[in-house]
Amino acid sequence: MTSLPDTLKLGTRGSPLAMTQANMVRDALIAAHKLAPRAIEIVPIKTSGDKIQDRALAEVGGKALWTKEIDRALEDGRIDFAVHSMKDVETIRPSGIAIAAMLERADVRDRLIGAESISAIAAGGRVGTSSPRRSAQILRARPDLEIVLFRGNVATRLEKLERGEADATLLAAAGLDRLGQAGIGHAVPVEQMLPAPSQGAVGIECLADRGALRAFLGAIDHATTHMCVAAERLLLEKLGADCRSPVAALALREAMGLWLRAELLSNDGREHVTGEAHFAIGDDAAVAELAASLLDRSPPALRALFTG
């Protein structure tokens, strides 16, 4: 590791899923660079998002609750790089921090637990989630259902479901698979529930001015995942979306570039607007045009949930 420390410190949240993803990144880097296991040390960091479990993110600071302590550790030099679930990373990042790489994206779908399908949830049933997107999509499909707040890691949410705090819940298939729980629940087709932007993607960040480290991390970058997630995140930026905005988006690689689909919803699911675009890789203007089209076609109450 020329011009790099003998041992690199990898920062991550301390949840079981976050630790699993950190180990995935560590193993990939060790394999790519033929390193000894001691060359990368995982450093768990307690974030505000892990400490606050009784309120929705929008009420207590948004997605920065998952990143600010880790960002500080990067800036202070306590860690060299960090691993995040990309859907938990706020759209506008500090200028001094760069997304250096992403692992290959996993299953982007949501998995429904507690019922075989959305239509099979009992009439008037309760669905546990803290996601505005999932809430809106569920209520659009089943306006008779009630949404109850579910926060916490995967195990905590499954325990809440087991205790009867809700009749069903939705979790990311990628997270369940990474935790060895692939057999739990029923995958919801993306045609029925378009996923959150960046769902299923694991990102790796470091300080932007650490060129040698960025090159080192870039060895495990999955280019298709990176460009698709970048397009989804750019859409969020152009929409002015934040953690309170019910938005779904998915970009896919195709022969001539990317295909980006998106959906904006009101909180109760009654209003929604969809759109898609086919464009060349790196055509940021096409993403901006899709965002503008979605907002232009949105009723005022729906548009107010976006545009910053």
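The magnitude of the dipole of segment 110-188, with charges of +1 and -1 set on the Cβ of Lys/Arg and Asp/Glu and taken from the Cα centre, is near 260 debye.
With contacts defined as alpha carbon pairs under 8 Å and 6 or more residues apart, what's the relative contact order of the chain in percent?
It comes to 20 percent, rounded to a whole number.
By other beta-carbon atoms within 10 Å, ranking 81, 279, 150 with the fewest at the front produces 279, 150, 81. Number of Lys-Lys pairs in the chain with C-alpha atoms under 24 Å apart and a separation of 8 or more places or on different chains: 21.
Dividing the mean sequence gap of close Cα pairs (under 8 Å, 6+ apart) by how many residues segment 110-188 holds gives a relative contact order of 48 percent. Note on 238, 46: ascending count of other Cβ atoms within 10 Å places them as 46, 238, the fewest first. Using Cβ point charges alone (K and R +1, D and E -1), the dipole size of segment 235-303 about the Cα centre works out to roughly 160 debye. Proximity of backbone amide H atoms, modeled 1.01 Å from N, is registered between residue 146 and 125, 126, 127 at under 5 Å, excluding neighbours fewer than 5 places apart on the same chain.
For the chain, the share of alpha carbon pairs falling in successive 10 Å distance bins from zero is 6, 27, 35, 24, 8, 1, 0 percent.
Rule-based calculations on the coordinates, nothing more; no lab input. Because the structure is predicted, anything quoted here is derived from the model rather than measured. Virtual Cβ from ideal backbone geometry, glycine too; neighbours counted across all protein chains shown.
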